[in-house]
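Here's the structure we're looking at; comments come further down.
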Amino acid sequence: MSITFFLFSLLTLPSIKDKKKDIEEIKKIISEKQVNKIVSGLPKNMNGTVGPQGEKVQKFCELIKQETNLPIEFWDERLSTVAAERSLIEGNVRRENRKKVIDMLAAVIILQGYLDLQRNFQ
């Protein structure tokens, strides 16, 4: 069975102020890529609790779930940006260029963590 994963970051959506537009864009990607599960980073406080930003992500994901009927799994995204920046620094990426790709790399780190855990349970 082939599973396609889709990960999104609220920071990389083009128009977070327009939720309907964002959801339509996500639905378009889901259709084009034949996505059957969504993995979303979940911002948490360092003590593991879900704060205001995490609650916003959960509410937005609930809207997506209602619109798409796809399962959504959350992955703790604490320190993913720190890990992404560290990787970019180690790769000698210039500061101005790091800003352009850090969110995308953090999303990759989040998804890789999720996939690694899934692999360990199979």
Would you work out the Kirkwood radius for the chain? I mean one over the mean of 1/r across all pairs of different Cα atoms, in Å.
15.4 Å
If the chain between Glu62 and Glu96 were fully extended at 0.36 nm per residue, the gain over the current Cα-Cα distance would be 8.8 nm
In degrees between 0 and 90, to the nearest 10, how far off the longest principal axis of the chain does helix 80-90 point, with axes built from Cα atoms?
40 degrees
What's the longest bit of the chain with no exposed trypsin sites (Lys or Arg not before Pro), using DSSP loop states and at most 11 other Cβ atoms within 10 Å as the test?
18-93
For the chain, what does -39500 (n - 2.57) per DSSP helix run (n ≥ 4), summed and divided by total residues, give at 222 nm, in deg cm²/dmol to the nearest 500?
-19000 deg cm²/dmol
Kindly work out what percent of the DSSP beta bridges joining two residues of the chain are antiparallel, to the nearest 5.
0 percent
Whenever you get a sec, compute what percent of the accessible area on segment 55-122 sits on carbon and sulfur atoms (1.4 Å probe).
50 percent
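The values are calculated or read from the model by the stated rules, or taken from the named source; none is laboratory data. As the structure is a prediction and not an experimental result, all values here were calculated from the model. In this analysis, Cβ positions are derived from the backbone assuming ideal geometry, glycine residues included, and neighbour counts consider all displayed protein chains. Note: accessible area is taken over every heavy atom of the protein model, side chains too, but ligands, DNA and RNA are not part of it. Shrake-Rupley method; radii C 1.70, N 1.55, O 1.52, S 1.80 Å.
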